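Shown next, in structure tokens, is the structure this report addresses.
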Amino acid sequence: MARHGAGDCDLDGALAAKGRVDEAWIDAALGARFFLTPPPKSLDRDAFAPIVEGAMSLEDGAATLAAFTVRAVAVAAGHLPEAPEAWVVTGGGRHNPVLMQGLAGALGVPVLPAEAVGWDGDALEAQAFAFMAIRSAAGLPLSFPGTTGVPKPTPGGVFHRPD
């Protein structure tokens, strides 16, 4: 969005609502080994080739990324031992009606913004990172065999203390 001078996000899903989904791009992305592998696993933000600039209009890119997110969550849901009775969404995506409606349709259960269960959807990620920072400072592990497939409980990188 910012690279195209269109702000920081697709405010209220306005662009995604106007765009057309590139199903071939989604199919290719969902064909990545990550989606075919059952948990435990982890994913890096560099695992997927970015949408090539100019390959899609801004509206089509927003629609495609919203649809990809919905389908990726639906694929992940298939790996769960039990189907959730509801999904709680935090972060900016909870403000995007295209994304929230897509999730509700794909998951077939209520999809709620974090605030609906008493959480602060704008602070939850920061709170989680603060929790992990405290664990890291205490020398406690952040990653476990059952969550990411590491061979043993592992701290998150190297903790650097100021001089």
Of region 2-30, those with amide N under 12 Å from the point 7 Å along the Cα→Cβ vector of S57 are 15-21
Per 10 angstrom bin, beginning at 0 and ending with the bin that holds the maximum distance, the Cα pairs of the chain fall in percents of 9, 28, 37, 22, 4, 0
Expressed as a whole-number percentage, the relative contact order of the chain with C-alpha contacts under 8 angstrom and at least six residues apart is 23
Counting every C-alpha pair in region 123-163, the percent lying more than 11 Å apart is 66
Of G31, G13, G105, the most mobile residue in a GNM of the chain (C-alpha springs, cutoff 10 Å) is G31
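Every read-out reported here was derived from the displayed coordinates using simple, explicitly stated rules and does not represent laboratory data. Owing to the predicted nature of the structure, the values given are computational and were not obtained by experimental measurement. Reconstructed Cβ throughout: ideal geometry from the backbone, glycine too, with neighbour counts over all protein chains shown.
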